[in-house]
Amino acid sequence: MLKIITLAAAAAMSASLPAVGGSHGDGPVKAGFVYVGPIGDGGWTYEHHQGLLAVQEHFGDKVETVYQESVPEGADAERAMTQMALQGADIIFTTSFGYMDPTINVAAKFPDVKFEHATGYKRADNVSTYSARFYEGRAVQGHIAGKMTKTNKIGYIASFPIPEVIRGINSAYIHAKKANPDVEMSVIWVYTWFDPPKEADAAKALIDNGVDVVLQHTDSTAPQAAAAEAGVISFGQASDMSEYAPLPRVSSIIDNWAPYYIARVQAVMDGTWESVDTWDGIGPGMVEIGEITDAVPADVKAEAEALRDAIGSGEYHAFTGPLNKQDGSPWLAEGETADDGTLVGMNFYVEGITGEIPN
Amino acid sequence: MDLGSINPVLLVAALLLASTPILLAAMGELVVEKSGVLNLGVEGMMIVGAVAGFIAAVESGSPALGFLAAAAAAAVLALLFGVLTQVLLSNQVATGLGLTLFGLGISSLMGQGYVGIRPPASPRLELPVLSELPFLGPVLFSQHAMVYLSLAIVVGVWWYLRSTRSGLILRAVGESHEAAHALGYSVLGTRLAAIAFGGALAGLGGACLSLVIVPQWTEGMTAGRGWIALAIVVFGSWRAWRVLLGAYLFGGVSVLQLNLQAAGIAIPVELLSMSPYLITILVLVIISSDKRRAQANAPNSLGRTFHASG
């Protein structure tokens, strides 16, 4: 029985292989999306799916979209991408950091299919990378957090120790500290992007330890619910999470992928697609700051909005010296700003954060 | 060791609650496996319980009704597995895996429109006088009702399997279905009842997540807890007390490690993150290390199909 299935699968694969090489011709462009969580997570994957829907709406029947949810990072991701490529996808968006090597591997086997990997740093002739400068939004959150905490303890639910997450922790801490020199930050690493009960438990552990402002870099809204129950403050992550406004959610970082996705699909249609590295922030609108609610005092809100606008216009950089690394060694001199190379590979905490980054 | 800002009362209260979903699901699976059936669909039954309980609680405004609906919905799903494997004699492993996939899919379908809604609050059960005792009061006598119910179920299952006639029949069916059948006991009836019971408990565990712990509905929110429950049954060598210990160890160390991180204790995070798995497996393997006895405890007919005419 197994043999028959294998044979059938092999036959199906070899039958569909030649079709992959050809261009899409007059048919619709097929765009595939690989998601790390369910589209109903209310956060990260939800926003990527909003991007897919925007592509579908923008191009109508000129585009065909497919997606697969909850694809584990690792070997299974290669299977999902291969399957999409075999089904004739012209462009495949792989939307989690852990898909980096699988994307590169699969892209090597399908040179005519375009791949777009989110938040990674490995590119190839048919692999682009794109990400958003979430750390710019973290600066605004950090400022509000520093002003709003009464216990002077803020907490951060971190997923995996990768540069993207570390940048967010540093940016939030720097701006919380500027707003409130007495602030301390606790970081909990949960080693998952999506595990609502664990995210809730992490939020409760922070709150039980005296934290009254919770920031999260995980994908579900579970920490929001925990914050609501405990009466502390939180921020929407990746998506607006406005169902938790005005409290506990006092603001949010919204990832707006739609313009990028539309532009990239358009490039495939026009035959102008090239491998590029895109890293946009508040200015171009890839990162949006969700409405700051009335739970935040008017002066703090005005400061936060001024900070947002200064970052957006390029007048202020979220990593501006003087800044030292955690061990006290100098990193940025007075007025110096961090270069993208350092930020992309950021693997250190800034001075003042206690605890160690796991390897 | 300086525990910094960790409050032991809050910690113990948190770990009792955090362990409850896994404990409930594992107790259900224990009974199912004792009857000789291997149901790998625990994850699917939990998530269906989570969504059904959430919907019922939101629509009726009553958490109690939510829990009832969760148990009922998951039991129905379990009976689907029961009919397929016991009546139509399909492969238990494949059907169980299918049940998990089916459960995850149908739950996200059922949950459309319930994302971002807050369920009615499930109040803690404050036992009069006792809950005001210092330390012990908040820990032992001010928990959510499901914590007490899950402990009552552990005692009930232990007593049922050990001391009742019907429990003896269930074990006999699990040890040797041919012999039980020859003695005139209904293998099919016993197993279907066990499967439904296991489903109901998994459903209660799922509803604990969506109504008390998280509390909200999110697709895929069980995030692998059903598989942990399955593992705990095996490592706990099919004994109710060891399963209880395993569930509390896993839930306890999970909560403890998050608290240690929050308090900034200088233990490497990698070590802390793997500690729930490491410690639970280690302890259960050590207490079950007498190989002969552990094997004697594993149901002999586990996972084997039974056909009366055979």
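A:D270: accessible area at probe 1.4 Å, nearest 10 Å²?
90 Å²
A:E356 to B:V87: FRET efficiency via 1/(1 + (r/R0)^6), r the Cβ-Cβ distance, R0 51 Å, to the nearest 0.05?
My answer for the efficiency is 0.35.
Can you tell me what percent of all Cα-Cα pairs in the stretch B:11-125 are more than 18 Å apart?
55 percent
Across peptide A:36-45, what mean number of C-beta atoms from other chains lies inside 10 Å of a residue's C-beta?
For peptide A:36-45, the averaged partner shielding equals 4.
Among all the lysines, which ones have a C-alpha under 18 Å from A:K325's C-alpha, if same-chain residues fewer than 8 places away are not counted?
Reachable lysines: A:K177, A:K178.
Per residue of B:262-274, how many C-beta atoms from partner chains lie within 10 Å of its own C-beta, taken as a mean?
5
In a Gaussian network model over chain A where Cα atoms closer than 10 Å are linked, find which of A:I262, A:I91, A:I157 has the largest mean-square fluctuation.
Comparing A:I262, A:I91, A:I157 in a Gaussian network model of chain A, the most mobile one is A:I262.
For chain A, set up a GNM with springs between Cα atoms under 10 Å and report which of A:S186, A:S242, A:S313 has the largest fluctuation.
Looking only at A:S186, A:S242, A:S313, the largest GNM fluctuation is found for A:S313.
If B:W241, A:W273 are ordered by their accessible area, calculated over protein heavy atoms with a 1.4 Å probe, which sequence runs from highest to lowest?
Descending accessible area places them as B:W241, A:W273.
Based on Cα positions only, what radius of gyration and what Dmax would you give for the stretch B:192-266, in angstroms?
14.6, 51
Tell me the angle of helix B:92-110 to the major Cα principal axis of chain B, expressed in degrees between 0 and 90 and rounded to the nearest ten.
50 degrees
Probe 1.4 Å, all protein chains in place: accessible area of A:F160 in Å², nearest 10?
60 Å²
Anyone know which of B:I287, B:I169, B:I55 comes out most mobile in the 10 Å Cα GNM of chain B?
B:I287
Can you classify the stretch A:180-327 as rounded, prolate or oblate using the Cα gyration tensor, where a ≥ b ≥ c are the square roots of its eigenvalues, rounded means a/c under 1.5, and otherwise it's prolate if a/b beats b/c and oblate if not?
Cα axes put the stretch A:180-327 in the prolate bin.
Compute the Cα gyration tensor for chain A, then decide on rounded, prolate or oblate, letting a ≥ b ≥ c be the square roots of its eigenvalues: rounded whenever a/c is under 1.5, prolate when a/b is larger than b/c in the other cases, and oblate in all that remain.
Judged from the Cα gyration tensor, chain A comes out prolate (a/c at least 1.5, a/b above b/c).
Which value, in Å² rounded to 10, gives the accessible area of A:V190 with a 1.4 Å probe and all protein chains present?
That residue has around 0 Å² of solvent-accessible surface.
Mean 1/r over all different Cα pairs, inverted: what Kirkwood radius does chain B give, in Å?
For chain B, the Kirkwood estimate is 19.9 Å.
Indicate the residues belonging to the stretch A:195-244 that lose 40 Å² or more of solvent-accessible heavy-atom surface (probe 1.4 Å) upon moving from the chain alone to the assembly of all protein chains, ignoring ligands and nucleic acids.
The answer is A:P196, A:P197, A:K198, A:D201, A:K204, A:D208, A:N209, A:E243, A:Y244.
Provide a whole-number value for the mean count of partner chain Cβ atoms within 10 Å of the Cβ atoms in peptide B:209-216.
Across the residues of B:209-216, the mean count of other-chain Cβ atoms within 10 Å is 6.
Can you list residues from other chains, or at least 5 along the same chain, whose modelled amide H is less than 5 Å from the amide H of A:V127?
Here the answer is A:F115, since their amide H atoms fall under 5 Å of that of A:V127.
Find the accessible area per residue for the protein assembly as shown; the probe is 1.4 Å, ligands and nucleic acids are left out, and the unit is Å².
Value returned for the protein assembly as shown: 40 Å² of accessible area per residue.
Just check the protein assembly as shown against the gyration tensor rule for me: Cα atoms, a ≥ b ≥ c as the square roots of the eigenvalues, rounded for a/c under 1.5, and otherwise prolate or oblate depending on whether a/b exceeds b/c.
oblate
Give the long-range amide H neighbours of A:F33: residues separated by 5 or more places, or on another chain, with amide H under 5 Å away, using H modelled in the peptide plane at 1.01 Å from N.
Here the answer is A:V66, A:Y67, A:Q68, A:F93, since their amide H atoms fall under 5 Å of that of A:F33.
In Å and from the alpha-carbon atoms only, list the Rg and Dmax of the stretch A:103-257.
Expressed in Å, the Cα Rg and Dmax of the stretch A:103-257 come to 16.9, 56.
Chains B and A: what accessible area do they bury, summed, in square angstrom to the nearest 100, with a 1.4 Å probe?
2600 Å²
Just the number, please: carbon plus sulfur as a percent of the accessible area of the protein assembly as shown, 1.4 Å probe, no ligands or DNA/RNA counted.
Its accessible area is 62 percent carbon and sulfur atoms.
Search the structure for amide H atoms under 5 Å from the amide H of A:S234, placed 1.01 Å from N in the peptide plane, and list their residues when 5 or more places away or on another chain.
HN-HN under 5 Å from A:S234: A:V214, A:R249, A:V250.
For the stretch A:101-141, max minus min Cα coordinate along each principal axis, in Å, sorted largest first?
Here the spans come out as 42, 15, 10 Å, largest first.
Give me the three principal axis extents of the stretch A:257-359 from the C-alpha atoms, as integers in angstrom, largest value leading.
51, 39, 28
The values are calculated or read from the model by the stated rules, or taken from the named source; none is laboratory data. Not measured: the values here are computed from a predicted model. Glycine also receives a Cβ, built like all others from the backbone with ideal geometry; neighbour counts cover every protein chain displayed. All accessible areas refer to the heavy atoms of the entire protein, side chains included, with ligands and DNA or RNA removed. Shrake-Rupley method; radii C 1.70, N 1.55, O 1.52, S 1.80 Å.
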